[in-house]
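Remarks on the structure that follows.
The values are calculated or read from the model by the stated rules, or taken from the named source; none is laboratory data. Computed from a predicted structure; not experimentally measured. Don't worry about glycine lacking a Cβ; one is built from the backbone with ideal geometry, like all the others, and counts go over all protein chains shown. The area values use the complete protein model at the heavy-atom level, side chains included, leaving out ligands, DNA and RNA. Shrake-Rupley method; radii C 1.70, N 1.55, O 1.52, S 1.80 Å.
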Amino acid sequence: MFDSQIREIELSEPEVLSGESEDQQAYLVTVDELAAGWIPEDQHHLPGNLEEIPVGPYLALIVSSVDRTKLNGYDLVRVMRIEARLAASHEAGKFAAMVEVAMTPPGDATAPVERSFEEFDYAADEIAAALTLTRRAAETQLDEAISLTGRLGRVWQRLAKGEIDLAKTKDLVNALGHLDRETADTVLNRCLDDAPDLTRGQLRARVARLVMEIDPDGAKCAMEQGLHDRRITAQANPDHTATLTISSVNPVATASAYRHVDRLAHWYKDQGDPRTLDQLHADIAMDLIAGKCGCGNTTTRSGGRAQITVDLQTLARLANHPGELDGFGPVIAEIARKTVRENQDGEWIFQVTDNGKAVATGTLARRPTRAQRRYLHALYPTCVFPGCRMPAHQCDLDHREPHARGGRTRNDNLEPLCRHHHMLRHHSPWLLTRNPDDTHTWTSPHGHTYLVKRGPPD
C-alpha cells in the first residue's frame, strides 16, 4: 500500500534511502519504470500521507493512476486539492521558462546561447506567438514572471510548491510589484504564511491594508501610476455580447459615477420601467457614454476623413512651409508632418511648388488609395502578426519591400500591421514572409515559425 511505499523520482537504479525505518522506507522509481507504465498497486485508494508528498512527478503519477470513479467523496476532494497544487507548480515552471526565453538573446536556433542579464527587445512577442497570447497578455505575464523570479521570489516558491494558486500569486504581484524588495518582504512576512488559507478577497484586503500601513507613500505612488495607465477596453463575449471596461480610474470619481447611474436606474424603475436594475445600470451607462440623453436622442458628433495639403519639401524636411488642414486652416510645418505621420485614414494631397506657386498636385505615392485600403482590409481584417486582433483599419499598411528602397505602393506589397508589430518588423530580428496564397509566415528571433492565415478576427 502507499503508506509504506513513498516513492521519489530519481535518474538512477533503485536503492533504499538511508535513515528510514523499515515501514517508512522510500523506494526510488527509475525513468525506465515510468516509461513502462508503472502505476500504484491499489487504484481504489489514496495513501494516507498523500498531502505530505512534495509536488513533483511522483505525486502526479499517483493522482493520474488512481481510478476516480472508484474513490469515495472524501478522497475525491483530496485529489482535487492535489490537482490544484500540481497546476500551481506547473504555472511556476512556465514563469521560470518565460524568464529564460526573455533573457536568451537571439542567435543560432540550433546552438546554445549564454543568458543575458536583461530581456531582449520584443521578447514578449516571442512568448505571445508561442503561447497564442495577445501582446498585452504576454507582456503582463512576462512582467509577472520577472517579478516572481526576482524580487518576489518567495511568492514564486510558494507557487512552485503548490501552496498558493495562480490567482493569488497574481494578486500578490499586482499589490507588491511596485514596492522595493525590503518593503515587499515586510508585507510578505505578515501575510504569506496565511495566504494558503485565505480567499482571494481576504488576501487582497489584508495586503492592501499592510501596504498602506507600511508604505503610505508607496501606496500613493502606486495609485498615481495606476491613474496614469487608465484606459477603456472593449471585448467580445462568448454569448455574442460585448464587455466595456474602464480601468484604473479615480475611485472617488468611480463611486460618484456609479451613484449617478444608480439614481437614474431607480428613477426609471419608479416610473414603471420593466427592466431589472442591473439591466438599467448597464443601459444607462452605455447611453451616457454613447452620447445619448435620457430620452434616447443622440447628441451631435463630428466625424469624417481629414484632408491636408502640404508640399513635398516640407514633408522631406527640406523646408518648413505651413500645411493646410481641411476644416481648420493653416498649420505649422511640424504639425503638418505629424498629422501626415499619425493619421492613416486621411487623404493626403501634395503640391509641387516653384517659388511658392503650385505647378503640380497629386496624392502621395507612398499612401495607399482608398480602393487599395478597402481591398487590403477585406483581404486581411486584422494585423497579420500571430494572435493580434487589432482591426486593419487601425493598423499601418506596411510596405513589404520598403518604399525607401523602391518598394511600390501596390496590393501585393502591402499588409496591415499594428503600430507595435510594424516597429517589431523593422527594428527586431523577427522575419516576415508573405506566401503565394496570401498567408504570412513569421520567424521568431529563436527560430520558431508561425503561420498566419487570412480570415476574420477570432
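Derived value for segment 49-168: Kirkwood hydrodynamic radius 16.2 Å. Basis is the mean of 1/r over every pair of different alpha-carbon atoms.
Relative to the present Cα-Cα distance, how much length would full extension add between Glu83 and Met223 at 0.36 nm per residue of separation?
Details: separation 140, 0.36 × 140 = 50.40 nm, distance 3.64 nm.
Extra length from Glu83 to Met223 when fully extended: 46.8 nm.
Backbone amide hydrogens, once placed in the peptide plane, bring Asp311 within less than 5 Å of Gln351, excluding anything fewer than 5 places away on its chain. Model label sites at Asp143 and Ala242, defined 7 Å from Cα along the beta-carbon direction, differ in position by 2.5 nm. Taking each of Lys70/Lys168; Lys70/Lys161; Lys94/Lys161 in turn, the alpha-carbon distance tops 21 angstrom for Lys70/Lys168; Lys70/Lys161. Scanning residues 5 or more positions from Thr382 or on other chains, those with amide H under 5 Å from its amide H are Ala392, with H placed 1.01 Å from N in the peptide plane.
Ligands, DNA and RNA left out, the accessible area of segment 86-204 computed with a 1.4 Å probe is 49% carbon and sulfur.
Given a Förster distance of 51 Å, report the FRET efficiency between Thr441 and Arg263 from their Cβ-Cβ distance, rounded to the nearest 0.05. Approximately 0.35, to the nearest 0.05. Extension gain for Ala255 to Glu118 (0.36 nm times residue separation, less C-alpha to C-alpha distance): 45.2 nm. Ligands, DNA and RNA aside, Lys94 has an accessible area near 70 Å² when probed at 1.4 Å. Ranking of His377, His393, His260, His228 by solvent-accessible surface, largest first: His228, His393, His260, His377 (1.4 Å probe, protein heavy atoms only, all chains present). Projecting the Cα atoms of Gln202, Phe117, Thr186 onto the charge dipole of segment 82-232 (Cβ charges, centred on the Cα centre) puts Gln202 farthest toward the positive pole. Given a 1.4 Å probe and the protein chains as shown, Ser64 ends up with an accessible area of around 80 Å². Please state the shape class of segment 244-283: rounded when a/c is under 1.5, otherwise prolate if a/b exceeds b/c and oblate if not, all from the C-alpha gyration tensor. Because a/c hits 1.5 or more and a/b fails to exceed b/c, segment 244-283 counts as oblate. In the context of the full protein assembly, Tyr380 retains an accessible surface of approximately 10 Å², using a probe radius of 1.4 Å and ignoring ligands and nucleic acids. Excluding same-chain neighbours fewer than eight residues apart, the lysines reachable from Lys292 by a Cα-Cα span under 20 Å are Lys269. Between Met212 and His426, the modelled labels are 4.7 nm apart [label points 7 Å from Cα along Cα→Cβ].
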